[in-house]
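Peer 1: The structure's right below; bear with me while I get my questions together.
The values are calculated or read from the model by the stated rules, or taken from the named source; none is laboratory data. Quick caveat, the model's predicted, so the values are computed rather than measured. When we count neighbours, we look across all protein chains shown, and the Cβ atoms used for this are built from the backbone with ideal geometry, even at glycine. Surface areas here come from the heavy atoms of the whole protein model, side chains and all, with no ligands, DNA or RNA. Shrake-Rupley method; radii C 1.70, N 1.55, O 1.52, S 1.80 Å.
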Amino acid sequence: MIDELEELLEEIGFEAETSVLTHRQAQVLALRERGFSQADIADELGTSRANVSSIESSGRENVAKARETVAFAEALRAPVRVRVPEGMDLYDVPQMVYDACDEAGVKVDHTAPDLMKVVSDAAGPAVSGRQVSTPLIIGVTSEGMVRVRHQE
């Protein structure tokens, strides 16, 4: 299994020197994504299930931090930023985004219902039903990609 795992990591281009993941974290996450239990992984790697659990947890934290860093970098360079205040109806958000994009000359390839879904999905618990419960910042890149961040 280890040889196949190493082939997979090489095939998908994992490089520990440039990754936010350690080699061991990449191994554990790859095996977990393929349905292996922590106990099976521990046996294969010659360690304890508790250690595999810790490695997996750290790896997932690192992935989440990397995603947040990318979202932050995209938000910095996005020519369109729309602040959505707490209490706003989600149905009003697409028009705000479209107006800001028109002003900036940026095209968004989402219908209003699709845009509401993108915002709602990305906002998670910051949107409850149709109500924005935590202020949001919606960024739109020059390529029209929509990014949603919670405003603290």
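Peer 1: Scan the stretch 1-37 for residues that are in a helix (DSSP H, G or I), farther than 23 Å from Arg67 by Cβ and either touching a residue at least 12 places away in the same chain (Cβ under 8 Å) or of a type in the set (Ser, Thr, Tyr) (or both) and jot them down.
Peer 2: Selection gives Ile2, Leu5.
Peer 1: Taking the stated definitions as given, is Thr69 part of a loop (DSSP other than H, G, I, E, B), surrounded by fewer than 16 Cβ atoms within 10 Å (Cβ to Cβ), within 22 Å of the chain's Cα centre (by Cα) and of a type in the set (Val, Ile, Thr)? First the steps, then the outcome.
Peer 2: Working: part of a loop (DSSP other than H, G, I, E, B): no; surrounded by fewer than 16 Cβ atoms within 10 Å (Cβ to Cβ): yes; within 22 Å of the chain's Cα centre (by Cα): yes; of a type in the set (Val, Ile, Thr): yes.
When the stated conditions are applied, Thr69 does not pass them.
Peer 1: Do the conditions hold for Arg81, that is, is it in contact (Cβ under 8 Å) with a residue 60 or more places away in the chain, surrounded by 13 or more Cβ atoms within 10 Å (Cβ to Cβ) and either in a helix (DSSP H, G or I) or not β-branched (Val, Ile, Thr) (or both)?
Peer 2: no
Peer 1: Still on this structure, please answer the following. Could you look through the stretch 118-152, keep only residues that are of a type outside the set (Gly, Ala, Ser) and part of a loop (DSSP other than H, G, I, E, B), and pick out the one that is most open to solvent (accessible area, probe 1.4 Å)? Before the answer, list the steps.
Peer 2: Step one: of the stretch 118-152, the residues of a type outside the set (Gly, Ala, Ser) are 118-119, 121, 125, 127, 130-132, 134-138, 140-141, 143, 145-152.
Next, from what is left, pick out any that are part of a loop (DSSP other than H, G, I, E, B): 130, 134-135, 141, 143, 145, 151-152.
Details: Arg130: 121, Thr134: 47, Pro135: 37, Thr141: 2, Glu143: 118, Met145: 78, Gln151: 62, Glu152: 199 Å².
By that ranking, first place goes to Glu152.
Peer 1: Which of the residues spanning the stretch 12-41 are of a type in the set (Val, Ile, Thr) and open to solvent by 50 Å² or more (accessible area, probe 1.4 Å)?
Peer 2: Taking the stretch 12-41 first, the residues of a type in the set (Val, Ile, Thr) are 12, 18, 20, 22, 28, 41.
Once the filter is applied, which keeps residues that are of a type in the set (Val, Ile, Thr) and open to solvent by 50 Å² or more (accessible area, probe 1.4 Å), the stretch 12-41 yields Ile12, Thr18, Val20, Thr22.
Peer 1: When you check Ile55 against the structure, is it without any contact (Cβ under 8 Å) to a residue 24 or more places away in the chain, over 19 Å from Ser142 (Cα atoms) and either touching a Ser or Thr at 6+ places or on another chain (Cβ under 9 Å) or part of a loop (DSSP other than H, G, I, E, B) (or both), yes or no?
Peer 2: Answer is no for this residue.
Peer 1: In this structure, does Leu115 turn out to be loosely packed, with under 12 Cβ neighbours inside 10 Å, assigned to a helix (DSSP H, G or I), of a type outside the set (Gly, Ala, Ser) and touching a strand residue (DSSP E or B) at 6+ places or on another chain (Cβ under 9 Å)?
Peer 2: No.
Peer 1: Hey, could you check the stretch 84-112 for residues that are of a type in the set (Asp, Glu) and open to solvent by 90 Å² or more (accessible area, probe 1.4 Å) and say which is nearest to Gly144 (Cα to Cα)?
Peer 2: By that ranking, first place goes to Asp109.
Peer 1: Based on this model, can you work out whether Ala50 counts as part of a helix (DSSP H, G or I) and either on the phi > 0 side of the Ramachandran plot or surrounded by 14 or more Cβ atoms within 10 Å (Cβ to Cβ) (or both)?
Peer 2: Considered against the rule, which asks whether it is part of a helix (DSSP H, G or I) and either on the phi > 0 side of the Ramachandran plot or surrounded by 14 or more Cβ atoms within 10 Å (Cβ to Cβ) (or both), Ala50 comes out as no.
Peer 1: Mind checking whether some residue in the stretch 96-103 is touching a Lys or Arg at 6+ places or on another chain (Cβ under 8 Å) and free of Cβ contacts under 8 Å to residues at least 60 places away in the same chain?
Peer 2: In the first step, residues of the stretch 96-103 are kept if they are touching a Lys or Arg at 6+ places or on another chain (Cβ under 8 Å); the result is 100-101.
So of that shortlist, the ones also free of Cβ contacts under 8 Å to residues at least 60 places away in the same chain come out as 100-101.
Yes, there is a match, as at least one residue in the stretch 96-103 is touching a Lys or Arg at 6+ places or on another chain (Cβ under 8 Å) and free of Cβ contacts under 8 Å to residues at least 60 places away in the same chain.
Peer 1: Just to be sure before I move on: is Glu44 surrounded by fewer than 18 Cβ atoms within 10 Å (Cβ to Cβ), part of a loop (DSSP other than H, G, I, E, B) and in contact (Cβ under 8 Å) with a residue 24 or more places away in the chain in the structure I sent?
Peer 2: When the stated conditions are applied, Glu44 does not pass them.
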